[in-house]
Amino acid sequence: MLLLLLAWRLSGPSAPDAPTPAPILSDGDQAPAPARPAGPPWHHGAANARFTLVLYADLECPHCKTYFPEVLAWIEQHPDTRLQWHHLPLPAHEPAASRLASLAECAGETGGPAAFWQAVTWIYQHTRGDGQGLPEQARFPGQSAALQRCVDSERALARVQVQARESSRDGIVATPTVRMRDETTGQSLLLPGPVEADALLSALDLLTSNESPASPAGTPELSTIPDGDMPR
């Protein structure tokens, strides 16, 4: 697994989530950095964590369903890292994937970050996966009039579609995929997943090292990821 690190790309600052330098006060001290927004995109973990693990996932993806609790547990064990969700509904799983993504987004919009993560957990526990969606008898426990209005407005669907287009622009077309980003330097590593715990730690080591990982001659940098779910 660690050998795969040679093929992963170390990129410079690019994402809009890159840290903003704190303003300088008149006495020369730095003002506290502005608080990060609650979402979307939705985050789990310490707001001031140095590293962000961006999880590109599809709520109808069986491999994402298995990997999600594992990555949550890893985040809990590493308080210097927080999780960021990035919707990537795969065409093979539509329209159920985008419909469930909209449900999770609206849960977050009406109930806050905790409600978003609870919705993702509930969806993975109940969906049949592979585009089949929820069973007819399944009833989302957070259902409310406000949530239904959000779903009906399709504004959540629009956010999901924006994130999906961003993924496609960056050459990410498979789930789950992980981007590990150092919020101090803005550098990031893109890792096709599911990514094992030791490889996540190696990614942190690479990001904090003084030297960028160099690929040996003839080894191409990662530019695209095969379409579809990423089994391991």
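What follows draws every value from the coordinates through simple rules; no lab data is involved. What you see is a predicted model; the values in this text were computed from it and never measured. Note that we place each Cβ from the backbone using ideal geometry, even for glycine, and neighbour counts take in every protein chain shown.
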Give region 64-85 a look and list any residue that's under 16 Å from Ala119 (Cα atoms), without any contact (Cβ under 8 Å) to a residue 60 or more places away in the chain and outside any helix (DSSP H, G or I), or say none. Leu83, Trp85
Could you run through region 107-135 and say how many residues are more than 20 Å from the chain's Cα centre (by Cα) and β-branched (Val, Ile, Thr)? 1
Every residue from region 175-186 that is touching a helix residue (DSSP H, G or I) at 6+ places or on another chain (Cβ under 6 Å) and either farther than 10 Å from Leu204 by Cα or polar (S, T, N, Q) (or both): Thr175, Pro176
Here are some conditions: (1) in contact with a Pro (Cβ under 7 Å, 6 or more places away or on another chain); (2) surrounded by fewer than 21 Cβ atoms within 10 Å (Cβ to Cβ); (3) of a type outside the set (Lys, Arg). Trp74 meets all but one. Which one does it not meet? (1)
Cβ pairs under 8 Å, 6+ apart or interchain, first in region 162-177 and in contact (Cβ under 8 Å) with a residue 12 or more places away in the chain and at negative phi, second surrounded by 18 or more Cβ atoms within 10 Å (Cβ to Cβ) and among the basic types (Lys, Arg), ordered by first then second residue, are none
